[in-house]
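Enquirer: Handing you this structure, nothing more for now.
The values are calculated or read from the model by the stated rules, or taken from the named source; none is laboratory data. Not measured: the values here are computed from a predicted model. Note that each Cβ is placed from the backbone with ideal geometry, even for glycine, and that neighbours are counted across all protein chains shown.
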Amino acid sequence: MPVSRRGFLRLIGADGATHGAWLSARGLEAHFADAQAQGQRARPVLPPGVEEIRISSNENPLGPGRAVLDAMIGKFPEAGRYPFNASPTDSALVSALADRFRVKTDSIVLGAGSQEILKNAVRAWVTPEKSLVTSLPTFENCTNFAKRQKLPVAEVKVDSAMRLDVEAMIAAASKGDAGLVFFNNPNNPTATVHGGKTVADMVERIRKASPSTVILIDEAYHEYVTDPAYESAVPIALSTPNVLVARTFSKAYGLAGMRIGFAIGRAETLKPLAAMRMPYNVSAFGVVAAMTSLGDPMHVANERARNTDVRAFTMKALLEMGVKPADSQANFLFADVGMPAKDFREACAKQGVVVGRDFPPFEKTHCRISIGTMAEMQRAVEVFRSALKTTTTTAASGGAKGGR
Amino acid sequence: MLTRRTFVQAAGFGAAAFIGARGRENSLWSLVEPTLEAIEPGVICLASNENPAGPGATVLDAVKTAFGPAGGRPGRYDGSSGALIEAIAKKQGVKPENVVLGCGSTQILRSCTHLFTAKDKPLVGTIPTYEECAGYAEMMGHPVRAVALDANFKIDLDKFAAAAKGAGLVFYCNPNNPTATYVGARATRDFLAQVAKDSPDTYVLVDEAYFDYVTDPDHATHIPIAIENPHVIVARTFSKAYGMAGLRMGYAVGHPDTIKKMAEWDAGGGTSSLNVLAMRGGLAAIQQDASFITAERARNTGVRDFTMKWFSDRGMKPTDSQANFMFVNIGRPAKEFRDACRARGVLVARDFPPFEKTHCRISFGTMDEMKKAVAVFEDVLKKKATAA
């Protein structure tokens with residue numbers, strides 16, 4: 001490693017250990033406003049000396065590859081230069097993504113993570129008259145942002161198999177007052193996916209009923225899908241007006257901390273997002289990290305294979321304990337633990353395992369568990385086993401206060 | 001030697017691509033530059049008001065520690081924004097609820113423009129000034145009032161206060177980019193009081209991006225006013241004297257109610273827009289010994305004196321610079337000067353209408369870079385201007 005373990009530990013020590021353990025999940029966001037409104041977020045406190053296994057945020061537990069870390073270290077002499085002055089420039093990243101998808105650069109818009117894309121989509125297409133149609137539960141970024149702006153939101157509950165209820169979403173989007181449809185595929189937190197035909201059919205039907213409605217398909221977990229029926233919606237976005245796909249470097253690419261995402265679609269669809277994009281939204285380090293990642297496809301391929309193995313192991317272990325997770329096509333799973341997520345979370349945290357936040361309306365029964373390394377999950381399933389035993393008695397008391 | 005990499009393929013975006021790539025440049029504030037060029041080793045970049053020495057060892061060491069075991073941090077969402085907010089609050093003598101972070105001060109400027117301007121609440125700015133707020137307001141379809149600078153290229157406070165009446169937001173960039181001029185602390189306080197009296201609903205965003213480079217003795221931050229008056233916000237950045245432009249971190253200080261509004265609109269915390277390296281670096285930067293900034297200011301002042309004297313000695317009087325750049329009448333179009341310098345390995349800044357036919361903004365590099373640069377300027381300027 002370019003940095004000694006001692007150096008790293010010194011940093012953690014200096015920070016008071018807590019910051020490293022913050023539950024800053026995708027969507028938890030540490031929004032200042034939320035923190036003010038809701039007080040300190042519940043963050044399990046680990047007992048002293050217990051090593052943390054963080055399986056709460058759907059991250060790639062291995063991070064980026066060595067080549068990416070070295071490229072970022074190599075960037076240090078240019079830390080003082082704006083991303084447009086550094087080499088490669090942020091425009092070069094746009095060009096590299098355009099090359100990869102064989103599109104023109106105007107079909108790509110960079111974001112500070114895909115969250116900037118999601119927020120700007122709400123800003124661009126949701127108004128007091130034009131609602132956001134989304135699912136429940138799903139990645140909350142669009143929902144929360146629209147609600148904070150007091151914009152109308154229609155949340156369509158997932159079906160009994162924890163899949164996005166496509167028919168109900170089509171119906172909600174076809175009423176004529178939908179500004180934006182947010183379709184997370186695979187869906188966070190339920191980990192389920194819809195096949196290419198279903199998505200294509202949905203897009204066609206919504207477009208027929210309500211051509212001005214914009215459809216945003218968030219494929220943050222695209223690289224982890226193994227279901228053969230799945231297809232990316234990128235070709236649809238490139239051929240169909242008012243459809244776009246969001247992608248991120250935060251998941252399989254292992255760059256969550258660097259904040260790099262992008263939207264892909266037809267230039268005229270993306271125009272508002274291009275105009276609203278914050279200048280210099282991706283740091284010079286993020287640019288070089290993303291470009292180096294694109295040049296290292298084996299890193300993502302290995303990560304997919306690794307995740308598939310560990311996912312199968314974790315799924316099997318849970319099934320053996322009588323816990324049935326939904327079908328997972330991502331680097332996390334959504335499991336009926338038969339008790340409030342909060343109780344399960346706190347019991348696991350006592351043994352150093354940090355699992356996902358509450359996901360209403362399933363916070364009384366389900367927990368989202370990210371897939372760590374095999375070693376982490378071998379340890380984690382033992383912790384799950386003991387948590388399930390010790391806390392079943394408190395489940396009936398139902399102490400969970402709905403997160404969001 | 002120079003990268004002739006032109007990013008014309010981005011033209012498909014329309015103007016937005018170029019705006020996105022290099023600040024909000026629009027018809028009113030600035031001309032859109034047709035090409036962007038990456039910098040290659042050996043090229044002297046005097047185009048973007050950066051600290052040429054970068055953030056220094058303390059900050060880079062902190063950034064390095066973000067590369068934890070197995071690449072931990074770059075792969076993990078980082079929740080240390082709270083620690084950075086606390087450190088900034090401590091440094092500025094305010095409370096954490098007075099501070100919101102941004103992905104550079106760009107995010108701060110945008111949040112303010114979005115929140116405080118409207119179709120019937122114009123943005124007011126000087127012309128020229130930093131283009132971000134005006135560009136964003138124009139994109140939103142919100143009106144923009146441009147107020148000319150005075151004869152010394154300083155903010156004309158009387159005209160500015162008059163234009164502020166009924167405005168949604170006044171963008172008060174001090175020192176002003178690109179003219180480098182500075183309005184003293186007393187006059188700024190009077191201006192803020194005047195706006196509060198004449199137009200109490202108008203917000204004033206005081207952009208102190210170049211605060212650390214000011215040597216005028218009548219110098220003070222307006223943070224104490226901002227934390228008391230919900231209509232005054234101070235923007236700061238780590239991109240200038242702190243040398244962290246590549247990392248992207250800035251912040252605003254203001255009244256808790258105003259900061260809350262900004263955070264709600266565009267939360268600048270946690271995993272949203274802030275990268276882990278910027279948060280680690282920012283924390284180290286704000287906590288490091290004050291001598292870092294003192295030394296950077298002294299270094300810049302020395303280079304500034306040298307460069308300004310060089311131009312003055314040749315009959316080209318720059319404006320009174322209180323920043324890490326200067327604005328100088330070179331008696332010819334900026335583009336002509338820029339292209340000629342670029343061909344010789346020196347990059348100077350873009351056009352700044354309405355002075356693009358006569359003036360150029362030149363950032364201060366290291367002394368060594370400026371000695372090389374003035375030799376290039378000498379060579380370029382001795383040729384008769386063709387189009388002035």
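Enquirer: Can we say A:Val68 is more than 8 Å from chain B (Cβ to nearest Cβ) and either closer than 30 Å to A:Thr308 by Cα or assigned to a strand (DSSP E or B) (or both)?
Expert: No.
Enquirer: Follow-up. From the residues in region A:71-85 that are in a loop (DSSP other than H, G, I, E, B) and of a type outside the set (D, E, K, R), which one is nearest to A:Gly372 (Cα to Cα)?
Expert: A:Gly74
Enquirer: Out of (1) among the hydrophobic types (A, V, I, L, M, F, W, C); (2) in contact with a Gly (Cβ under 6 Å, 6 or more places away or on another chain); (3) in a loop (DSSP other than H, G, I, E, B), the odd one out for A:Leu151 is which?
Expert: Of (1) among the hydrophobic types (A, V, I, L, M, F, W, C); (2) in contact with a Gly (Cβ under 6 Å, 6 or more places away or on another chain); (3) in a loop (DSSP other than H, G, I, E, B), only one is false for A:Leu151: (2).
Enquirer: Any chance region B:64-76 includes a residue that's among the hydrophobic types (A, V, I, L, M, F, W, C), modelled with pLDDT of 90 or more and assigned by TED's automatic domain parsing to the domain that holds B:Asp207?
Expert: No - not one qualifying residue is present in region B:64-76.
Enquirer: Same structure again: Can you tell me which condition B:Ile88 does not meet? The list is (1) within 7 Å of chain A (Cβ to nearest Cβ); (2) part of a helix (DSSP H, G or I), and all the others hold.
Expert: The one condition B:Ile88 does not meet is (1).
Enquirer: Another one. Would you tally the residues in region B:278-293 being surrounded by fewer than 17 Cβ atoms within 10 Å (Cβ to Cβ) and among the aliphatic types (A, V, I, L, M)?
Expert: Result for region B:278-293: 2.
Enquirer: Just checking, which of B:Ser48, B:Ser111, B:Ser105 is farther than 30 Å from A:Glu303 by Cα and within 7 Å of chain A (Cβ to nearest Cβ)?
Expert: Every option except B:Ser48 fails the conditions.
Enquirer: Working carefully through the options B:Ser48, B:Ser81, find the one that is at pLDDT 95 or above and in contact with a strand residue (DSSP E or B) (Cβ under 8 Å, 6 or more places away or on another chain).
Expert: Unique residue meeting the criteria: B:Ser48.
Enquirer: Do we have A:Ala168 as part of a loop (DSSP other than H, G, I, E, B), over 25 Å from A:Glu116 (Cα atoms) and modelled with pLDDT of 95 or more here?
Expert: Answer is no for this residue.
Enquirer: Still on this structure: Got a sec? Which of A:Val243, A:Val199, A:Val203, A:Val234 is β-branched (Val, Ile, Thr), more than 14 Å from chain B (Cβ to nearest Cβ) and in contact with a Gly (Cβ under 8 Å, 6 or more places away or on another chain)?
Expert: Exactly one residue qualifies, and that residue is A:Val243.
Enquirer: May I pose another question? Across region A:196-221, which residue is surrounded by the most Cβ atoms within 10 Å (Cβ to Cβ) among those that are β-branched (Val, Ile, Thr) and more than 18 Å from A:Lys271 (Cα to Cα)?
Expert: A:Ile206
One line per residue, one yes/no per condition, for (1) over 21 Å from the mean Cα position of the chain (by Cα); (2) among the aromatic types (Phe, Trp, Tyr):
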{"position": "B:Ala146", "(1), (2)": "no, no"}
{"position": "B:Leu149", "(1), (2)": "no, no"}
{"position": "B:Lys159", "(1), (2)": "yes, no"}
{"position": "B:Gly166", "(1), (2)": "yes, no"}
{"position": "B:Tyr172", "(1), (2)": "no, yes"}
{"position": "B:Ala180", "(1), (2)": "no, no"}
{"position": "B:Thr188", "(1), (2)": "no, no"}
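Enquirer: Check A:Phe344, A:Phe332 and return the single one that is within 14 Å of chain B (Cβ to nearest Cβ) and among the aromatic types (Phe, Trp, Tyr).
Expert: When all the criteria are applied, what remains is A:Phe332.
Enquirer: So A:Thr143 ticks every box in (1) surrounded by fewer than 19 Cβ atoms within 10 Å (Cβ to Cβ); (2) within 23 Å of the chain's Cα centre (by Cα); (3) more than 14 Å from every other protein chain (Cβ to nearest Cβ); (4) assigned to a helix (DSSP H, G or I) but one. Which box is left unticked?
Expert: (1)
Enquirer: Of all residues in region A:115-140, which are crowded, with 22+ Cβ neighbours inside 10 Å and within 19 Å of A:Val193 (Cα to Cα)?
Expert: Those that are crowded, with 22+ Cβ neighbours inside 10 Å and within 19 Å of A:Val193 (Cα to Cα): A:Val133, A:Thr134, A:Ser135, A:Pro137, A:Thr138, A:Phe139, A:Glu140.
Enquirer: Next question, about the same structure. Could you list all residues from region A:80-112 that are within 7 Å of chain B (Cβ to nearest Cβ) and within 20 Å of the chain's Cα centre (by Cα)?
Expert: Selection gives A:Ala112 alone.
Enquirer: Report whether or not B:Ile155 is in contact with a Pro (Cβ under 8 Å, 6 or more places away or on another chain), at pLDDT 95 or above and either β-branched (Val, Ile, Thr) or surrounded by fewer than 24 Cβ atoms within 10 Å (Cβ to Cβ) (or both).
Expert: So B:Ile155 fails the test.
Enquirer: Check region B:113-126 and report whether any residue there is free of Cβ contacts under 8 Å to residues at least 40 places away in the same chain, within 17 Å of the chain's Cα centre (by Cα) and not in a helix (DSSP H, G or I).
Expert: Checking region B:113-126: not a single residue is free of Cβ contacts under 8 Å to residues at least 40 places away in the same chain, within 17 Å of the chain's Cα centre (by Cα) and not in a helix (DSSP H, G or I).
Enquirer: Under 26 Å from A:Glu268 (Cβ atoms) and not hydroxyl-bearing (Ser, Thr, Tyr): which single residue out of A:Leu164, A:Leu180 fits that description?
Expert: It is A:Leu180.
Enquirer: Which residue pairs have Cβ atoms under 6 Å apart, sit 6 or more places apart or on different chains, and have a first residue in region B:243-266 that is free of Cβ contacts under 8 Å to residues at least 12 places away in the same chain and facing chain A (nearest Cβ under 7 Å) and a second that is charged (D, E, K, R) and surrounded by fewer than 24 Cβ atoms within 10 Å (Cβ to Cβ)?
Expert: That search, which allows pairs on different chains as well, returns B:Gly246/A:Glu78; B:Glu264/A:Arg148.
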